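Shown next, in C-alpha cells, is the structure this report addresses.
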Amino acid sequence: MIYIQVKLISYPKETDLIAKMAAAICYSGGHDYEEIRKEAERKPAEYLSKIVKNGHLSILEHNIYVFYVSGLSRVASHQLVRKRIASYSQQSQRYVDAKNFRAVIPETIENSQFTEQYSKKLEECSNLYQEMVDSGIPKEDARFILPGATTTQLIVSMNAHSLVDFFVQRLCVKSQWEIRQLAEIMLDEAQKVSPLIFKDLGAYCDFYGYCPENDKSCGRIKTLKEILHNDN
Ligand SMILES: Cc1cc2nc3c(=O)[nH]c(=O)nc-3n(C[C@H](O)[C@H](O)[C@H](O)COP(=O)(O)OP(=O)(O)OC[C@H]3O[C@@H](n4cnc5c(N)ncnc54)[C@H](O)[C@@H]3O)c2cc1C
C-alpha cells in the first residue's frame with residue numbers, strides 16, 4: 001500500500017481572474033489595465049470554461065501551480081516527468097540514503113498469493129542495499145538494486161495549460177492506476193483554488209467529447225475515427 005500525499009503549496013492569488021484577463025486582452029477592446037480588469041470581472045463564470053473548452057489554452061499559461069508530492073513510486077514518477085512543459089525537483093537516490101526505503105504495493109499484488117513473496121523480496125533488496133552501502137559501495141551504485149516500487153518525493157510546477165493536458169491524458173481509465181490516482185488528487189486540489197479554470201476537467205473524452213485512442217478505446221464514447229468515418 002502507501003498512499004500518495006499531494007499538497008498544493010503555491011498558486012496565483014486571483015487564478016480565474018488572471019485567465020479571464022488574458023482572454024479579455026485577446027477578445028475585448030479595453031485600452032488599459034483598469035478597463036481590461038473590469039471587462040474580465042464582468043464576464044460570467046461560463047465565459048472561461050467555454051474558452052478553455054474551445055482550446056484557447058494559452059490564456060491559462062500565466063497561472064503556475066506548485067505541488068508537493070510524496071508516496072509516489074518511482075514507476076509512476078517516471079511517467080510524471082515525461083510531461084516536459086513543467087518543472088521538477090525530485091529526491092536524489094545518489095545523495096539520499098535509501099536504507100529502509102518505503103515501497104508501493106499494487107492492490108492486485110496485495111490481494112494475491114504473492115504478497116508475502118513480494119514483501120520478502122523488498123526486504124532482501126533493502127538488506128543488500130544496506131550491506132553494499134555499509135561496505136563502501138557508493139549510494140549511486142547501490143541504488144541499482146532498488147525496485148521501481150520505491151517511493152519518492154517531488155516538487156512539481158505546472159502552468160494551468162500543462163495541467164489541463166496532463167489531466168485529460170492521465171485521468172483516462174486506460175491510464176496506469178497510480179498516475180491516474182495522482183492526477184485525480186492534483187485536479188481536486190486545483191479545483192479548490194481555480195474552480196472556473198478546472199470546472200469541467202476530466203478524462204479527454206469527458207472534456208473534449210470524443211476518444212482520441214481509436215483502436216485502444218475503452219468503448220465508452222465515440223472515437224475520433226468513428227466520428228470522422230461516421231461509424232456506429
Ligand atoms: C496512456 C499513456 C500511455 C503512454 N505510454 C507511453 C509509452 O509506452 N512510452 C513512452 O515513451 N511514453 C508514453 N507515454 C508518455 C507520452 O508519450 C508523453 O510523453 C507524455 O504523456 C507527455 O505528454 P506531452 O508530450 O503531450 O507533454 P509535454 O512533454 O509537456 O509536451 C507538451 C506538448 O509540447 C509539444 N512538444 C514537447 N516537446 C516536443 C518536441 N520535442 N517536439 C515537438 N513538440 C514537442 C507537443 O505538442 C506536446 O504535446 C504515455 C502517456 C499516456 C497518457
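The values are calculated or read from the model by the stated rules, or taken from the named source; none is laboratory data. Small disclaimer: the values here were computed from a predicted structure and weren't measured. In this analysis, Cβ positions are derived from the backbone assuming ideal geometry, glycine residues included, and neighbour counts consider all displayed protein chains. With ligands, DNA and RNA removed, areas are computed over all heavy atoms of the protein, side chains included. Shrake-Rupley method; radii C 1.70, N 1.55, O 1.52, S 1.80 Å.
From 155, 185, 197, grab the single residue that is closer than 30 Å to residue 10 by Cβ and crowded, with 21+ Cβ neighbours inside 10 Å. Working first, answer last.
Values: 155 fails: crowded, with 21+ Cβ neighbours inside 10 Å; 185 fails: crowded, with 21+ Cβ neighbours inside 10 Å.
Only one candidate qualifies: 197.
If you go through the stretch 126-140 one residue at a time, do you hit one that is in the same structural domain as residue 67 (by TED's automatic domain parsing) and outside any helix (DSSP H, G or I)? Before you say what the answer is, go through the steps one by one.
First pass over the stretch 126-140, keeping only residues in the same structural domain as residue 67 (by TED's automatic domain parsing): none.
Looking for residues that are in the same structural domain as residue 67 (by TED's automatic domain parsing) and outside any helix (DSSP H, G or I), one finds none in the stretch 126-140, hence no.
Note down all Cβ pairs under 7 Å where the first residue falls in the stretch 13-42 and is free of Cβ contacts under 8 Å to residues at least 40 places away in the same chain and assigned by TED's automatic domain parsing to the domain that holds residue 61, the second is open to solvent by less than 30 Å² (accessible area, probe 1.4 Å) and of a type in the set (Lys, Arg), and they're at least six residues apart or on different chains.
Close Cβ pairs satisfying both conditions: 40/20.
For the stretch 91-112, name all the residues that are open to solvent by 70 Å² or more (accessible area, probe 1.4 Å) and either within 16 Å of the ligand (Cβ to nearest atom) or under 20 Å from residue 3 (Cα atoms) (or both).
Residues satisfying the conditions are 100, 102, 107, 108, 111.
Looking at the stretch 141-171, which of the residues that are within 16 Å of the ligand (Cβ to nearest atom) and part of a loop (DSSP other than H, G, I, E, B) is farthest from residue 18 (Cα to Cα)? If you could, list the steps in order and put the result at the bottom.
Step one: list which residues in the stretch 141-171 are within 16 Å of the ligand (Cβ to nearest atom), which gives 148, 154, 156-171.
Cutting the leftovers down to part of a loop (DSSP other than H, G, I, E, B) gives us 148, 171.
Details: 148: 40, 171: 26 Å.
Across the stretch 141-171, the extreme among qualifying residues is 148.
Take the stretch 54-87 and flag every residue that is within 20 Å of residue 184 (Cβ to Cβ), within 14 Å of the ligand (Cβ to nearest atom), not in a loop (DSSP other than H, G, I, E, B) and not aliphatic (A, V, I, L, M).
77, 78, 79
For the stretch 172-195, which positions are away from the ligand (no atom under 15 Å from the Cβ), in contact with a Lys or Arg (Cβ under 8 Å, 6 or more places away or on another chain) and either more than 18 Å from residue 65 (Cα to Cα) or among the charged types (D, E, K, R) (or both)?
The one that is away from the ligand (no atom under 15 Å from the Cβ), in contact with a Lys or Arg (Cβ under 8 Å, 6 or more places away or on another chain) and either more than 18 Å from residue 65 (Cα to Cα) or among the charged types (D, E, K, R) (or both): 189.
Determine, yes or no, whether residue 99 is in a helix (DSSP H, G or I) and either touching a residue at least 24 places away in the same chain (Cβ under 8 Å) or not polar (S, T, N, Q) (or both). Steps first, please.
Details: in a helix (DSSP H, G or I): no; either touching a residue at least 24 places away in the same chain (Cβ under 8 Å) or not polar (S, T, N, Q) (or both): yes.
The answer is no for residue 99.
Going by the structure shown, is residue 39 in a helix (DSSP H, G or I), open to solvent by 40 Å² or more (accessible area, probe 1.4 Å) and closer than 21 Å to residue 163 by Cβ?
On the way: in a helix (DSSP H, G or I): yes; open to solvent by 40 Å² or more (accessible area, probe 1.4 Å): yes; closer than 21 Å to residue 163 by Cβ: no.
Against the criterion (in a helix (DSSP H, G or I), open to solvent by 40 Å² or more (accessible area, probe 1.4 Å) and closer than 21 Å to residue 163 by Cβ), residue 39 does not qualify.
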